[in-house]
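Here the structure comes first, spelled out in C-alpha cells, and everything after it is commentary.
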Amino acid sequence: MAAFIGLVAFFWPFVVAPGRLGANYAPPLIFGVLLILVLCVVISEIAEGGISSKALAMLGVLSAVNAALRPLGAGTAGIETVFFVLVLAGRVYGPGFGFTLGCTSLFASALITGGVGPWMPYQMFGCAFVGMLAGLLPRATGRREVMMLAVYGSLSGYLYGFLLNLSFWPFSLDPNSSIAYLPGLPFTEQWQRYLAFDVATSLGWDTGRAVTNFICITLAGPAVLVTFRRAARKARFRAPVRFAAPKAGGPR
C-alpha cells in the first residue's frame with residue numbers, strides 16, 4: 001500500500017491536472033500519509049518476524065549512517081553518497097527493511113541538513129523504492145552478486161532522478177515550451193514530453209549519481225555485504241522456527 005501511494009504521488013500529472021488536487025496541500029498530505037504507512041510497514045514487519053528488536057536497532061544505526069553520509073556528497077554534480085548503503089542493506093535485510101530505511105534515512109538527513117520542504121516526501125519515496133527493489137533482486141553470490149548490485153545501483157540512480165523530476169515537472173516550465181506539461185494531452189504525448197524534459201534537464205546529473213553508485217558498490221560492496229550478513233547472523237535476523245518430530249520410541 002505504501003508503494004502504491006508512492007506511485008500515485010509521483011505519476012499524478014498523467015491523470016490529474018495541476019491545481020485540481022491542490023498543489024499547496026498535496027505535499028503535507030502525502031507526507032502525513034507516508035509517515036503512517038511507514039509506521040504500518042515497521043509494525044507489520046515486527047509482527048511477521050521480519051524486523052526484530054535487533055533489526056530495529058540496525059535500522060536506526062543505518063539511518064544515522066546514511067544521514068551522516070548524505071552531506072558528504074551534497075548532490076554536487078550528481079554525486080550522492082547515500083544510495084549504495086540503501087542498495088546493500090535492502091539486498092541483505094529484505095525489501096521491507098529497504099523500503100523503511102529509505103524513508104527514515106532521508107527523513108533524518110533532512111532534519112540534520114535543514115532540507116525539510118515539500119520535496120521531502122518525494123525524496124523519501126524515491127529512496128524507499130531504491131531500497132525495496134534491491135531486496136527483490138534475484139539470488140546471486142560472489143562477484144556476480146556485487147556486479148549485479150553495482151549495475152542496479154547505476155540504474156537506481158537514473159530511476160531516482162526520473163521519479164523526483166515528476167514531482168515538479170508540471171510547475172517548472174512555461175506552458176508554451178515543447179517539453180512542458182499540458183493538461184488534457186493524450187498519455188503518449190504527455191509521456192514523450194516528460195521523457196524529453198528528463199533528458200534535457202537532469203540526464204547529466206543522474207549520470208553522476210549512477211557512476212557514484214557503481215563505484216561505491218564495486219569498491220565497498222564486498223566488505224559491506226560481509227559485515228551486514230555477519231551482523232544478521234549474530235543478531236539472528238529472521239531466525240526460522242523449526243519443530244522437529246519426536247524420535248520413534250523416545251519420550252513424548
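Nothing in this text is a laboratory measurement; each read-out follows from the coordinates by a stated rule. Source: prediction; values computed, not measured.
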Let me make sure I get this right: for region 167-231, a, b and c are the square roots of the gyration tensor eigenvalues over alpha carbons, sorted descending. Under 1.5 in a/c it's rounded, otherwise prolate if a/b > b/c, else oblate. Which is it?
prolate
Dividing the alpha-carbon radius of gyration of region 54-189 by 2.2 N^0.38 Å (N being the number of residues), what value is obtained?
1.17
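Would region 115-203 count as rounded, prolate or oblate if I go by the C-alpha gyration tensor, calling it rounded below 1.5 in a/c and otherwise prolate when a/b exceeds b/c, oblate otherwise?
On the way: a/c = 2.90, a/b = 1.99, b/c = 1.46.
Prolate, because a/c is 1.5 or more and a/b exceeds b/c.
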